[in-house]
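Notes to accompany the following structure.
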Amino acid sequence: MTTLSKKFSVFGFVLLFAFLTACGDDDSASSPEQEGEELVEQSSESSNASSSSSTENKVESSSSEKAPKFVTGIFTDDRDGQKYQTVTVNKYTWMAENLRYKTTDAIDSMGVFYYDGNEAMEVCPNGWHLPSEEEWNDLLSDVASLFGDDAIKLLKSVKGWDAVEDTIDCNGVDSIGFNMEALGYVVVESYDEVGETAAFWTSTLTKRGYPMANRAHIGVDFSGSRKPFFSAMNANDFHLNVRCLKDDNTMKGSVDECTEKNLGDIYSIRDHYYVCDTSGWELAYRDEILNSELGACDSAKAEKVEVFRDTAFICHSGDTEWDVATIFEALGRCDSDNENYKTVKMYQGIPYYCDYRWNPATANQYLPKCDSTNNTAFEKFRDTLYICDAERWKIPTETQTTLGTCDKKRRGESVAVGDSQFVCMNRFWRPLSILEQNLGICTKDGEKKSYKKMNFVCDGSRNLWQGTLKEESKTYGVVAVDTLLWLANNVTKTHWSSSISDESNGVAYCPEGWIMPSYEEWNNMLSYVSQYGGFGAEFTIDTTAAIYGLNMVEERQVDYWVPSKKYSCSDSYDEVICRADAVEISEGSARMSMAWACEYTASAGVCTSTSAIRCVLRP
């Protein structure tokens, strides 16, 4: 394989600086004690990589079933017998103290050792290595995922960091025992930024060849940024601290040494790609990564589109490098005459919907169809949670999130949310009706109970309490809708007097104690049935019969009288023509109207009408 020019070379070294913003902000940082953890001692074991020994202590999470968040231990360097605290995070073991191995060129300041960039590359004990820039960033990412987003503060020691203007505390919380101290650095035999900076060499090489270093610099967070700051420094002039990383599970311990035999090979670990170059394993260029994953861009791949990590790439004819494909190159034409019309495809990790042009898809275009089969089901779309509600995917309310999905397994289950009680029925969560509040939820078919001197029987197939009311020679069905009891049949009278819709609320025509429902009560009932009936967003007459037993379909009535003061009659030839307020029921709505109270006159003030009456019993 032809070796390409590298992003990094060996002509010098670089120093990586970590600039700590958010100095003194304790909100996002927590310690193991705050997490409810405890130390559990483990037995000693020998290192496979060297004769040095180590003892580990496991830091457990609050639940014994969870994996430990990190593991602390002790490592002994056989070269000089020095013992070091260690900490393992996400399978990677770091020295939790600065290296104290004495070399010819090392600067020893009361036990604190500073190394130049050249010897730092080789100073770690056998089985350990100087971490790269990527490995330092991985540590920050791992710590942030465990304890919070201010990883640098979580690694800093609890003392020794100077305050800003003597007011803002810049000490850390040392959440995992990493103990990153502000020991500064040495430049041309002069100590600098002690109390302000922690600076460490890394093994990453830049074009000038300086080894990179990572330091935490004093600062105040006005932007919310907590990323390390990188800067190139002369390896001979600067002496920095060293932390070593154990080879196990790392790039250093996972691949063979880079030689002429594997020159050009690509290896990936933790989303980082490395290529074996003449100078050793180096970070790979994008083109090297794409050629490795997608194949070389040549005539065999001309105009082909390939996807890598949610990004579409195209090999244009005559080119030797992969380019990011445009949305049209990646997804194809979008019009009503081809197969892409009304479809969803992914581009750059984002779903697009074809509707004469490619546009980012909405939740309702991307997620499975929302209907009665998956009502109240939850789906995630672009990091946002949605609920299937009335045939549309919507962002759930707090109540919907608390209730969760209503499916067959949860049918009949009751859940309290605040002061309200909900029951799962027909893939809908609905508030308990007045009967369910007093009789319980109807689940056992044929079960009998009484309420307000009426007998009710459980219809288990519909989870519906059905009662009977006898008045004189008439027998009416009784059902509950929300907070009212409704007659399940029309009042069986056809001759009305002028008092039908006056202030008496029709009590002359309703059973004792029952009254004619108002327009608002009709509208509330229909809205309730529409929302909780299980047949989608629109009310139908059949819905009320099938779910709530109101039997409106039985009578096929359109107009129902409501209480009104507008009842009026006038003589017209030989008839008395009367009109009054009524509620008109149609598919999907209820509206007020003026209905004819008389089709013909039977006698003065007494009429025959096709409109009807229903009665309700209020609590």
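The values are calculated or read from the model by the stated rules, or taken from the named source; none is laboratory data. What you see is a predicted model, and the numbers here were worked out from it, not measured in a lab. So basically every Cβ, Gly included, is an ideal-geometry build from the backbone, and we count neighbours across all protein chains shown. Side chains included, ligands, DNA and RNA excluded: accessible areas come from the protein's heavy atoms. Shrake-Rupley method; radii C 1.70, N 1.55, O 1.52, S 1.80 Å.
Given the condition assigned to a helix (DSSP H, G or I) and among the aromatic types (Phe, Trp, Tyr), answer yes or no: does some residue in region 163-183 qualify? No, region 163-183 contains no residue that is assigned to a helix (DSSP H, G or I) and among the aromatic types (Phe, Trp, Tyr). Condition test on Trp514, is it at pLDDT 85 or above, closer than 30 Å to Arg427 by Cα, surrounded by 17 or more Cβ atoms within 10 Å (Cβ to Cβ) and not polar (S, T, N, Q)? Answer is no for this residue. Comparison of Ala216, Ala284, Ala232 shows that the only residue that is under 36 Å from the mean Cα position of the chain (by Cα) and at pLDDT below 85 is Ala216.
Report yes if some residue within region 338-355 is of a type in the set (D, E, K, R), open to solvent by 30 Å² or more (accessible area, probe 1.4 Å) and either at pLDDT 95 or above or over 30 Å from the mean Cα position of the chain (by Cα) (or both); otherwise report no.
Residues of region 338-355 of a type in the set (D, E, K, R): 339, 342, 345, 355.
Adding the requirement that they be open to solvent by 30 Å² or more (accessible area, probe 1.4 Å) leaves 339, 342, 345, 355.
Those still in the list that are either at pLDDT 95 or above or over 30 Å from the mean Cα position of the chain (by Cα) (or both) too: 339.
Yes - at least one qualifying residue is present in region 338-355.
Does region 426-433 include one or more residues that are modelled with pLDDT of 90 or more, surrounded by fewer than 15 Cβ atoms within 10 Å (Cβ to Cβ) and outside any strand (DSSP E or B)?
The answer is no, given that none of the residues of region 426-433 is modelled with pLDDT of 90 or more, surrounded by fewer than 15 Cβ atoms within 10 Å (Cβ to Cβ) and outside any strand (DSSP E or B).
For region 376-385, enumerate the residues that are open to solvent by 40 Å² or more (accessible area, probe 1.4 Å) and within 30 Å of Met425 (Cβ to Cβ). Residues satisfying the conditions are Phe378, Glu379, Lys380, Thr384, Leu385. When region 363-375 is filtered for residues that are surrounded by 14 or more Cβ atoms within 10 Å (Cβ to Cβ) and free of Cβ contacts under 8 Å to residues at least 60 places away in the same chain, the ones remaining, listed by number, are Ala363, Asn364, Gln365, Tyr366, Leu367, Cys370, Asn374.
Identify, from the list Gly332, Gly318, the residue that is without any contact (Cβ under 8 Å) to a residue 40 or more places away in the chain, of a type outside the set (A, V, I, L, M) and open to solvent by 50 Å² or more (accessible area, probe 1.4 Å). Steps first, answer last, please.
Numbers: Gly332 fails: open to solvent by 50 Å² or more (accessible area, probe 1.4 Å).
Of Gly332, Gly318, the one residue that is without any contact (Cβ under 8 Å) to a residue 40 or more places away in the chain, of a type outside the set (A, V, I, L, M) and open to solvent by 50 Å² or more (accessible area, probe 1.4 Å) is Gly318.
For region 63-74, the condition holds for no residue, the condition being that it is assigned to a helix (DSSP H, G or I), among the polar types (S, T, N, Q) and either surrounded by 16 or more Cβ atoms within 10 Å (Cβ to Cβ) or modelled with pLDDT of 95 or more (or both). Annotation: Asp150 fulfils all but one of (1) touching a residue at least 60 places away in the same chain (Cβ under 8 Å); (2) of a type outside the set (Phe, Trp, Tyr); (3) open to solvent by 50 Å² or more (accessible area, probe 1.4 Å); the unmet one is (3).
Residues are listed down the side, and each one gets a yes or a no for (1) among the hydroxyl-bearing types (Ser, Thr, Tyr); (2) open to solvent by 50 Å² or more (accessible area, probe 1.4 Å); (3) on the phi < 0 side of the Ramachandran plot:
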| position | (1), (2), (3) |
| --- | --- |
| Asp265 | no, yes, yes |
| Tyr274 | yes, no, yes |
| Gly280 | no, no, no |
| Arg357 | no, yes, yes |
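Exactly one residue out of Gly177, Gly111, Gly172 is more than 39 Å from the chain's Cα centre (by Cα) and either on the phi > 0 side of the Ramachandran plot or modelled with pLDDT under 90 (or both), and it is Gly111.
Selection of region 466-475 for residues being assigned to a strand (DSSP E or B) and open to solvent by 10 Å² or more (accessible area, probe 1.4 Å) yields Gln466, Thr468, Leu469, Lys470, Glu471, Lys474, Thr475. Selection of region 116-159 for residues being over 15 Å from Arg243 (Cα atoms), assigned to a loop (DSSP other than H, G, I, E, B) and modelled with pLDDT of 85 or more yields Val158, Lys159.
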